[in-house]
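Heads up, the thing below is written out as structure tokens.
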Amino acid sequence: MCGIIGYVGPRVAREVVVDGLRRMEYRGYDSAGVAVLDGGAIEFRKKAGKIANLDAELAISPLPDTGLGIGHTRWATHGGPTDDNAHPHVSANERVALIHNGIIENFASLRSELVAEGVVFRSQTDTEVAAQLLGREVSAGADLAEAMRTVCRRLEGAFTLVAIDADNAGRLVAARRNSPLVVGVGDGENFVASDVAAFIEFTRHAIELGQDEVVDVTADAITITDFFGEPAPSHPFEVTWDLSAAEKGGYDWFMRKEIYEQPKAVADTLLGRYAADGSLKLDELHIPASELRSIDKIIVVACGSAYYAGLVAKYAIEHWTRIACEVEIASEFRYRDPIIDGSTLVVTISQSGETADTLMAIRHAREQRAKVIAICNTNGATIPRESDAVIYTHAGPEIGVASTKGFLTQVAACYLLGLYLAQVRGTMFDDEIHAVMTELAATPPLIQQVLDGLGPIKELAARFVGTKSVLFLGRHVGYPVALEGALKLKEIAYLHAEGFPAGELKHGPIALVEGGVPIFVVVPPQGRDQLHDKVVSNIQEVRARGALTIVLAEAGDAEVEPYADVLFRLPKVSTLLQPLVATVPLQMFACELATLKGYDVDQPRNLAKSVTVE
Ligand code: AGP
């Protein structure tokens, strides 16, 4: 997720653009850049790192005061956070400057086509492909908006593009597919941006660009068409938020915004990893299949929520690959003299990619000759850099300290890794892999369905504002979900909460159960095994002792109804994939309860987003 902005009008475009980027820096801060059009020539400055680095560059090497400019603050997906990979990207013929938010899935084939024509690429990004294609179109004489439409018809994936052309003073074009773009409608000036935070101080009149649309913008005119040039309806709206709310997309907390971003975050994490021939592609894995076939043990190493994602991974990986999979808390793994050798695969999971405990653990693993694969959400972070290979999640920046979309995309990436290992090792038939991938691809709308039905969870939070303790139960992959639900409450509601394997209750923890203790229970789908019935029995056990049972169970599961004081229905998914839908209500419960208690949900006490000390 990146921050993009374009401006055309009487103000100094450079200033409007850079200020707008500052208000969207939470959307990405790997690099920043700005391009302006001055006297028929494009001038640009771009630097890796935060916008402060761009400011310093502009102080040394200023850009002229002009009325047309575009700017970008990057969350790296393809290509590390370097100056060359920073946006804007300028076409080889210096005709166009272009910025992009999203993932161009077919960039590799387009890049090969352009290289064959002699185009010399300056970056490793998918974005530069669009810049080169657009430069080729306008230098062949196409009108700028028509050129943009031609390019968009060739792109696959998710993209918001904004471009300026050296031969088109006072004009910019933009396009969007599966990635946001809003137009700010001013008086004698106009804006385009990823979100309204970028231009809210200048205008509250906005237009939401629809799917597969191109907008042609001058200071006095806005023309919207589809990708084939047909006029498209305009979707005007008035922005009612203040600036602070605008940075959170109108939500009260980044955490709440990130909970609602999960369908897209999971979809983006899965995007482009499943080939048309039905095979899984983890191109970034760069570990020969022969080495993956020689693996005889997997150890997943992580902290906090990432560790719980690893616990989910264990069930999936062992089921699909039949390789023994241990899951270790990084700070413990590091010091327990683990049994590791060249046949061990260590999988490390980290949203930030900077967690010191996790970093020390993988350094130890590599000293013991283990292969290390990182699952990370931060391109170019230390942990992926020090791993043999990386699978990036594409959740976009996660600002809330309590992980939500980071966790769910880690789980999705773990499934991808498990299926890939099964494919390489031949422990699953292609049609079995296809079936799981098909169900995985169908989960984002199911996550959205859960999000749309969170009303009861919000009411529930109001009932428990005064509670002193909450327990969470689950079996199989429901157990890590229980742990994650408890952690969320601890982190942001400062409440004692504990997750247990439901079967473990009778071995001690059931002594905690007394009248009115709220207990969440994640119930597995009804199926062939006894898992479901065992959990129903556990619900009866705690209810018989006065617990207030909040039951999360799939639609149509009537067996739980007599024992549920509160019943929250989940969409039907297979057992292994249930964490993708069961976790969401627990995230929202914690967010709601902490909000009602008046706490800072995004920056809870004693915590940091990335724990870079051991
Ligand atoms: C999760 O809500 C917490 N913020 C924390 O447990 C976090 O998951 C843990 O510190 C690991 O962080 P990482 O994923 O960035 O390595």
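For the chain, the longest principal axis of the alpha carbon atoms and the long axis of helix 51-60 meet at an angle near 30°.
With q set to 0.16, 0.18 Å⁻¹, the log10 of I(q)/I(0) for the stretch 481-614, from the Debye formula over equal scatterers at the Cα positions, is -0.86, -1.04. Summarising the amide proton neighbourhood of Gly157: residues at separation of 5 or more, or on other chains, whose placed amide H is nearer than 5 Å comprise Glu105.
Run the paramagnetic zone check for Lys281: 7 angstrom along Cα to Cβ, then residues of the stretch 373-409 with backbone nitrogen under 19 Å. The answer is 390-394.
Taking all protein chains together and rolling a 1.4 Å probe, Glu386 ends up with roughly 50 Å² accessible. The tail of the calculated P(r) for the chain, taken as Cα-Cα distances beyond 32 Å, holds 50 percent of the pairs.
Surface analysis of the chain yields an accessible area of 36 Å² per residue, using protein heavy atoms and a 1.4 Å probe.
Students often forget the sequence filter, so: which aspartates and glutamates lie under 12 Å Cα-Cα from Lys314 once same-chain residues fewer than 8 apart are removed? Once the sequence-local aspartates and glutamates are set aside, what remains near Lys314 is Glu326, Glu328. Cross-link partners of Lys281 among aspartates and glutamates, defined as those whose alpha carbon lies under 15 angstrom from its own and excluding same-chain residues fewer than eight positions apart: Glu105, Asp268, Asp430.
Per-residue ellipticity at 222 nm computed for the chain from its helices equals -10500 deg cm²/dmol, with DSSP H segments shorter than 4 residues left out and the rest contributing -39,500 (n - 2.57). Using every pair of separate Cα atoms, the Kirkwood estimate puts the hydrodynamic radius of the stretch 220-327 at 19.2 angstrom. Which of the lysines could a cross-linker span from Lys248 if the Cα-Cα distance has to be under 22 Å and same-chain partners fewer than 8 positions apart are dropped? Within the straight-line limit of under 22 Å, Lys248 reaches these lysines: Lys50, Lys257, Lys264, Lys405, Lys458, Lys488, Lys597, Lys609. Sorting 242-251, 42-51 by average packing, meaning the other beta carbons within 10 Å per residue, from highest down gives 42-51, 242-251.
By accessible area, using a 1.4 Å probe on protein heavy atoms only, the stretch 479-545 has 48% of its surface on carbon and sulfur.
Between Leu114, Val18, Asn101, the Cα set farthest toward the positive side of the dipole of the stretch 1-134 (charges on each charged residue's Cβ, about the Cα centre) is that of Val18. Cys303 contributes an accessible area of around 40 Å² to the protein surface, as traced by a 1.4 Å probe with all chains present. Accessible surface of the stretch 151-309, 1.4 Å probe: 52 percent of it comes from carbon and sulfur atoms.
Beta-bridge orientation, the stretch 185-329: approximately 65 percent antiparallel, per DSSP, counting only bridges with both partners inside.
Of all DSSP beta bridges located in the chain, what percent are antiparallel, nearest 5?
Around 60 percent of the beta bridges assigned by DSSP in the chain are antiparallel ones.
Relative to the dominant Cα principal axis of the chain, helix 356-367 is inclined by about 90°.
When nucleic acids and ligands are ignored and a 1.4 Å probe is applied, Trp75 ends up with an accessible area of around 10 Å². The protection proxy used here, the mean number of other Cβ atoms lying within 10 Å of each residue, ranks peptides 471-483, 193-205, 319-331 as follows, highest first: 471-483, 193-205, 319-331. Comparing the stretch 455-518 with the 2.2 N^0.38 Å rule of thumb, its C-alpha radius of gyration ratio is 1.12 (two decimals). Specify the inter-centroid distance of the stretch 214-268 and the stretch 426-443, based on alpha-carbon positions, in whole Å. One Cα centre to the other: 34 Å.
Pair-distance distribution of the stretch 153-269: all C-alpha pairs, bin width 5 Å, starting at 0; shares per bin in whole percent are 2, 11, 19, 22, 20, 15, 8, 3, 0.
Computed from the C-beta positions of Glu559 and Asp252 and an R0 of 30 Å, the FRET efficiency is 0.20 to the nearest 0.05.
Of the residues Val523, Val465, the one with the largest accessible area comes first in the ranking Val465, Val523, computed with a 1.4 Å probe on protein heavy atoms.
The values are calculated or read from the model by the stated rules, or taken from the named source; none is laboratory data. Just so you know, these numbers come straight off a predicted model, no measurement behind them. Note that each Cβ is placed from the backbone with ideal geometry, even for glycine, and that neighbours are counted across all protein chains shown. Side chains included, ligands, DNA and RNA excluded: accessible areas come from the protein's heavy atoms. Shrake-Rupley method; radii C 1.70, N 1.55, O 1.52, S 1.80 Å.
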